[in-house]
Amino acid sequence: MIKEIKSIPLAAFLSRLGHEPAAKKGTRLWYKSPLRQEQTPSFKVETTLNCWYDFGIGKGGNIIDLATEIWQSTDLRYLMRCIANSCHVPSVQTVAFSFAPRHSAPSMERFEVVPLEHRALVAYLQERGIPTHIAKAKCKEAHYSVNGKPYFAVAFENVSGGCELRNRYFKGCRGRKDISYLPWSRDGPSTECAVFEGFIDYLSALTLDIISGADAIILNSVVNITKAVPYLKDYTAINCYLDNDNAGKTALAELTAIYGSTVIDRSTLYSEFNDLNEYLIHQSSTIKQSK
């Protein structure tokens with residue numbers, strides 16, 4: 001069954017996860033990395049060999065290696081179920097439970113969350129168009145080690161106590177993957193809620209000042225869409241700032257099927273861009289050039 005899993009075309013697997021190639025050169029497909037945020041595609045899939053390589057993190061391999069990075073696990077049974085669920089491979093899904101787990105991935109040791117101050121992390125967010133005062137108000141800074149080596153990243157907490165982690169070279173999560181919920185005011189919930197795929201887009205909305213007075217839900221992954229549903233039931237307007245790709249459109253359709261006209265697609269604001277942050281970066285660049 002492992003052979004069957006490895007025979008799944010990587011392009012089809014990535015498409016099921018909402019990632020489409022930005023360019024094709026011969027037998028090579030180039031993507032914006034599914035493992036981190038980036039503007040220029042540096043994730044390569046060699047279709048004849050059915051293998052991938054991410055130049056940003058210096059890692060590559062087969063579909064199982066990619067699943068290891070996406071789901072942050074080396075438990076083979078778990079990874080096979082994730083792949084089978086994504087690509088609808090019932091025969092693999094059925095027997096995946098019989099495989100013994102591998103050793104777990106190296107854990108983050110001495111994990112500590114502190115106020116955001118590190119100049120490299122602040123600079124990283126500034127490069128994404130996020131001003132320092134918003135970054136420091138909404139994000140924190142995580143320090144940890146893996147196999148004895150120290151690392152640090154921007155940290156954004158979710159409702160389960162986990163943290164989304166980002167820096168120029170890494171995109172991951174510490175603890176349980178979940179949504180983040182941020183009420184606008186402590187006095188009580190707003191009548192409107194803004195929904196984002198990632199926290200960088202949420203910070204972008206604050207920078208653009210387009211969600212004043214609205215509560216916010218950050219999915220931290222479109223697979224968390226069902227976790228957001230209970231939070232949204234009492235709002236009179238659900239403004240969705242989701243990505244302009246298949247995954248974003250699917251998430252929007254799922255929310256619309258549940259809440260109907262209460263759901264408003266705000267992606268028209270940045271229809272020429274993949275997401276709200278790309279739009280913000282473009283706007284910031286245009287303003288600088290005009291000065």
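For every other residue with a beta carbon closer than 14 angstrom to the beta carbon of Leu49, add +1 if it is Lys or Arg and -1 if Asp or Glu, then tell me the sum.
Here the charged neighbours net out to +1.
Using alpha carbons only, how many degrees (0 to 90, rounded to 10) separate the axis of helix 246-259 from the longest principal axis of the chain?
60 degrees
Note down the nm distance, to one decimal, between modelled labels 7 Å out along Cα→Cβ at Glu109 and at Arg176.
Going from the Glu109 label point to the Arg176 one covers 2.7 nm.
Which lysines have a Cα less than 21 Å from the Cα of Lys140, not counting those fewer than 8 places away in the same chain?
Lys149, Lys171, Lys177
Please work out the FRET efficiency for the pair Thr191 and Thr268, using the Cβ-Cβ distance as r and a Förster radius of 30 Å; give the result to the nearest 0.05. Walk me through the intermediate numbers first.
Details: r = 22 Å, r/R0 = 0.72.
Plugging the Cβ-Cβ distance into 1/(1 + (r/R0)^6) gives 0.85.
For the charge dipole of the chain, defined by +1 on Lys and Arg C-beta atoms and -1 on Asp and Glu C-beta atoms about the Cα centroid, which residue among Gly162, Val263, Ala251 has the Cα displaced farthest towards the positive pole?
Gly162
Dipole of the chain, Cα-centred, from +1 at each Lys and Arg C-beta and -1 at each Asp and Glu C-beta, to the nearest 20 debye? Please report the intermediate quantities before stating the final value.
Details: 33 positive and 30 negative charges, 181 e Å.
Once rounded to the nearest 20, the dipole reads 860 debye.
Measuring from label point to label point, each 7 Å out along Cα→Cβ, what is the Arg28 to Phe55 span in nm?
It is 0.7 nm.
Once neighbouring chains are kept in place and the probe is 1.4 Å, which whole percent of the accessible area of the chain is contributed by carbon and sulfur?
Roughly 52 percent of what the probe reaches on the chain is carbon or sulfur.
Cα gyration tensor of segment 195-291, axes a ≥ b ≥ c as square roots of the eigenvalues: rounded (a/c below 1.5), prolate (a/b > b/c) or oblate?
Details: a/c = 2.19, a/b = 1.80, b/c = 1.21.
Because a/c hits 1.5 or more and a/b exceeds b/c, segment 195-291 counts as prolate.
Would you look at the GNM of the chain, springs on alpha carbons closer than 10 Å, and say which of Leu269, Leu66, Leu125 moves the most?
Of Leu269, Leu66, Leu125, the Gaussian network model singles out Leu269 as fluctuating most.
Any chance you could run the full-extension gain for Ser42 through Ile258? It's 0.36 nm times the residue separation minus the Cα-Cα distance, nm to one decimal.
Length difference between fully extended and current span is 74.1 nm.
Top mean-square fluctuation among Val223, Val45, Val122, Gaussian network model of the chain, C-alpha springs under 10 Å?
In the Gaussian network model the winner is Val223.
Kirkwood Rh over alpha-carbon pairs of segment 1-66, then Stokes-Einstein at 4 °C and 1.567 mPa s: what D in µm² s⁻¹, rounded to an integer?
Translational D for this selection: 109 µm²/s.
Modelling each spin label as a point 7 Å along the Cα-to-Cβ direction, I'd like the Thr250/Arg119 distance in nm, to one decimal.
With each label point 7 Å from Cα toward Cβ, the separation is 4.4 nm.
Sorted from largest down, what three extents in whole angstroms do the Cα atoms of segment 221-270 have along their principal axes?
27, 22, 15
Efficiency by 1/(1 + (r/R0)^6): what FRET value for Ile287 and Asp65, r their Cβ-Cβ distance, R0 = 45 Å, to the nearest 0.05?
It comes out at approximately 0.60.
Express the accessible area of the chain per residue in Å², computed with a 1.4 Å probe while the remaining protein chains stay in the model.
Details: 14850 Å² over 291 residues.
Ligands and nucleic acids excluded, the figure is 51 Å² per residue.
Could you give the longest part of the chain that holds none of the GluC sites (Glu not before Pro) found in DSSP loops with at most 11 neighbouring Cβ atoms within 10 Å?
Of all site-free stretches, the longest is 118-271.
The values are calculated or read from the model by the stated rules, or taken from the named source; none is laboratory data. Predicted, not measured: the structure shown is a model, and the values here were computed from it. Backbone-built Cβ (ideal geometry, glycine too); neighbour counts: all protein chains shown. Remember, those area values only see protein heavy atoms, side chains included, never the ligands or the DNA or RNA. Shrake-Rupley method; radii C 1.70, N 1.55, O 1.52, S 1.80 Å.
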